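Student: Can you read through this structure? Questions will come right after.
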Amino acid sequence: GVLGSVALFLRRLVNAPVVHNRTSGKYLRSLQFRTEEESALLETHGDRIVYVELRGNLFFGTTDRLFTEMLPDLDRPVWMIINMRRVQYVDISGLHLFRQMIKRLHSHGGHMLYSNVRKSAVTKRKMHKLLLWLGEEPDLPKVKTFKSTDAALEYAENELLTELGHAPATTDQRVEADDIDILHRLKPKTREALKSVMRPLSLKRKMTVFTYGEHGDALYLVLKGEVELRLPTRVYHYKRLGKRRPGSYFGEVAFLNPGPRSATAFVTQDAELLVLDRAAIDSLAEKRQREVGLYILYELGASMAKQLRQTNSELRRLERW
């Protein structure tokens with residue numbers, strides 16, 4: 001009767017999956033643009049970033065099983081990202097478990113990060129304040145919380161790259177054009193010829209470089225600041241497609257094949273850019289430097305091919321989920 005139904009419900013609740021997905025930074029990347037060197041390092045050392053998406057209710061009946069599943073990663077020096085998006089409820093025993101996991105991970109040189117923390121699951125306070133409230137132990141590491149998984153991934157990648165001795169450029173740092181991948185690999189004479197036909201562009205925060213659907217044929221190199229690539233979905237809504245910081249570039253699709261822009265480029269931090277358009281390439285051809293334009297087109301094509309391979313790998317991973 002009623003007791004049997006309750007028992008069945010509790011049994012299903014306890015046996016319900018807690019870890020919905022698990023992957024590493026080798027296969028899951030942030031939207032932040034990475035140089036070839038940074039991408040290679042993340043490919044090699046990406047297993048030191050662990051992404052875990054939890055699901056269901058975390059209470060006394062599921063915490064032991066969750067701890068057992070997580071244990072192998074808790075004993076490694078990793079950045080562990082816990083996605084709370086699918087978590088419906090966390091009770092005191094669940095919070096105690098998180099506290100235990102944080103301390104164990106920290107003892108092995110690791111760091112715990114939380115993303116998509118729902119207010120309905122753990123009340124309105126920050127996760128680290130809740131964990132401190134449980135024990136008030138001064139040696140409990142401060143927990144970082146992020147509004148999105150992408151923000152947590154970007155932070156973990158930056159921390160890992162910094163530890164490996166390749167700290168990414170920050171938005172307030174200025175890089176030289178020669179240090180940007182697609183120019184750095186060119187011969188000095190070719191690089192100087194390209195730089196001679198580029199024009200500088202400075203934009204303030206909240207300005208747009210170009211908007212979705214407008215005609216374009218220019219490539220933009222970022223020397224300073226930050227630009228987000230956004231796909232409009234509804235009025236006042238958009239899907240973030242990527243972020244470009246110093247040392248990166250964007251607009252390559254329209255540069256290679258002039259036509260409507262496939263995204264809006266929105267300045268999130270005051271930006272200093274270099275602009276290379278098709279008219280500049282044509283001017284080089286008139287100066288009998290046609291090979292210079294061919295070099296940059298080749299480099300962009302090779303770079304886009306690598307990005308497509310990474311996108312295909314990501315799509316295959318999502319299909320398995």
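Student: Out of the residues in region 230-258 that are of a type in the set (D, E, K, R) and assigned to a strand (DSSP E or B), state the one that is surrounded by the fewest Cβ atoms within 10 Å (Cβ to Cβ).
Tutor: Result: Arg234.
Student: Taking only region 13-58 into account, find how many residues are modelled with pLDDT of 90 or more and among the aromatic types (Phe, Trp, Tyr).
Tutor: Number satisfying all stated conditions: 1.
Student: So, one more: Pull up region 63-91, narrow it to residues that are among the polar types (S, T, N, Q) and open to solvent by 30 Å² or more (accessible area, probe 1.4 Å), then point me to the one that is nearest to the chain's Cα centre (by Cα).
Tutor: Gln88
Student: Pairs please, first residue from region 265-283 and assigned to a helix (DSSP H, G or I), second anywhere and open to solvent by 10 Å² or more (accessible area, probe 1.4 Å), Cβ atoms under 7 Å, 6+ apart in sequence or on different chains.
Tutor: Arg278/Asp217; Arg278/Pro258; Ala280/Val197; Ala280/Met198; Ser283/Val197
Student: Moving to a separate point now. For region 168-194, enumerate the residues that are of a type in the set (D, E, K, R), in contact with a helix residue (DSSP H, G or I) (Cβ under 7 Å, 6 or more places away or on another chain), surrounded by fewer than 18 Cβ atoms within 10 Å (Cβ to Cβ) and free of Cβ contacts under 8 Å to residues at least 60 places away in the same chain.
Tutor: Asp178
Student: Mind checking whether some residue in region 229-243 is in contact (Cβ under 8 Å) with a residue 60 or more places away in the chain, in contact with a strand residue (DSSP E or B) (Cβ under 8 Å, 6 or more places away or on another chain) and farther than 17 Å from Gln32 by Cβ?
Tutor: No.
Student: Quickly run through region 92-111 and pick out the residues that are open to solvent by 40 Å² or more (accessible area, probe 1.4 Å) and more than 19 Å from Tyr51 (Cβ to Cβ).
Tutor: Ile92, His96, Gln100, Lys103, Ser107
Student: Quick one: Asp150 ticks every box in (1) of a type outside the set (Gly, Ala, Ser); (2) touching a residue at least 24 places away in the same chain (Cβ under 8 Å); (3) surrounded by fewer than 19 Cβ atoms within 10 Å (Cβ to Cβ); (4) not in a helix (DSSP H, G or I) bar one, so which box is it?
Tutor: For Asp150, the failing item is (4).
Student: Yes or no: Val227 at pLDDT 95 or above, surrounded by 16 or more Cβ atoms within 10 Å (Cβ to Cβ), within 22 Å of the chain's Cα centre (by Cα) and closer than 19 Å to Phe250 by Cα?
Tutor: So Val227 fits the description; yes.
The values are calculated or read from the model by the stated rules, or taken from the named source; none is laboratory data. Keep in mind that what you see is a predicted model, and the values were worked out from it rather than measured. Neighbour counts run over all protein chains shown; Cβ positions are idealised from the backbone, glycine included. The area values use the complete protein model at the heavy-atom level, side chains included, leaving out ligands, DNA and RNA. Shrake-Rupley method; radii C 1.70, N 1.55, O 1.52, S 1.80 Å.
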